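The numbers here are math on the coordinates, done by the rules we state, and not lab data. This is a predicted model, so every value here is computed, not measured. Positions of Cβ are backbone-derived with ideal geometry, glycine not excepted, and every protein chain shown enters the neighbour counts.
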Amino acid sequence: MTGKGEASSLFKTAPLASVMPRRPTTEAAPSETDEEACAAYGYMRGIRDRALAIEFRYRDGNSDFYPYSWLGPWQYNPSVGLLLKFTGDVVTLVLIRGSNLDALVNQSINLTDRGFARHRISWLKEMDEDGLRQAGKGQPTIDRIEVAEFQSHEEAQEWLKKAAPGFVRGTT
C-alpha cells in the first residue's frame, strides 16, 4: 500500500497550458480557407464541401441570396447562358449570361456539372468592363445576372420567351 503522499503524486499533472497545443494567434492564411474564387465566382475548395446558399452580386453593389434547398432544375445553353430555377413562396428564375460558363477553373470546378450540380458555388458576380477585359482567354465571365419572380408557370414562360427564347421548350 502506498502512502498518502505517494498516491497524490500519481495524480499530479503538468499545468494545462504546458500540455495543450498553442492556438495560432493570427488569422488563417487565404490558402487555408474553405473557399476559393476566380474573377466571376467563388466556390468551395473541397470536393465534398457544400455551400448552403448562393449570393448573386450585382454591379450596383446589391446582392441577392438564395438557399440551395430552393434550387430546382437548371439548364445550360452555351449560346444563351445558365438558367436556374428557385422555388420558394414564388418561382424565381435567375438567368446568368456570360462566356465560358462551363470552363474549368483551377482544373477542378466549373459552374455546371462540378459547381451548381454539386452545390459548391457560393457566389457569382456581374463583372464590370475592366473585369471582363482582364479575364484570361478561356476564363469564365459573367456579363449580366437577371432575376425575375413569378406566381404562375405561364408568367415564367412569357418572360422566358422575351428574355431567353433559347430556353423555351416547344409545347406539344
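Under the √(5λ) rule applied to the eigenvalues of the Cα gyration tensor, what semi-axes describe the equivalent ellipsoid of region 94-172? Give them in Å, descending.
Value: 27, 16, 12 Å, ordered largest first.
Please report, in debye to the nearest 20, how large the charge dipole of region 55-172 is about its Cα centre when each Lys and Arg carries +1 at its beta carbon and each Asp and Glu carries -1 there.
Here the size comes out at about 480 debye.
Among Phe86, Ala53, Ile109, which residue has its Cα furthest toward the positive end of the charge dipole of region 49-116, with +1 on Lys/Arg Cβ and -1 on Asp/Glu Cβ?
Result: Ile109, furthest along the dipole toward the positive end.
In whole Å, what are the extents of region 53-123 along the principal axes defined by its C-alpha atoms, from largest to smallest?
36, 28, 23
Based on the alpha carbon coordinates of region 27-91, what radius of gyration and maximum Cα-Cα distance (Dmax) apply, in Å?
14.2, 43
Treating only the Cβ of Lys, Arg, Asp and Glu as charged (+1, +1, -1, -1), what charge dipole size does region 107-172 show about its Cα centre? Round to the nearest 20 debye.
420 debye
Would you mind estimating how fast region 99-144 diffuses translationally, via Stokes-Einstein at 20 °C and 1.002 mPa s with the Kirkwood radius over Cα pairs, in µm²/s?
Rounded to a whole number, D works out at 194 µm²/s.
Bin all alpha-carbon pair distances of region 33-172 at 10 Å intervals from 0 and give each bin's fraction as a whole percent.
P(r) for region 33-172, in whole percents per bin: 11, 43, 35, 10, 1.
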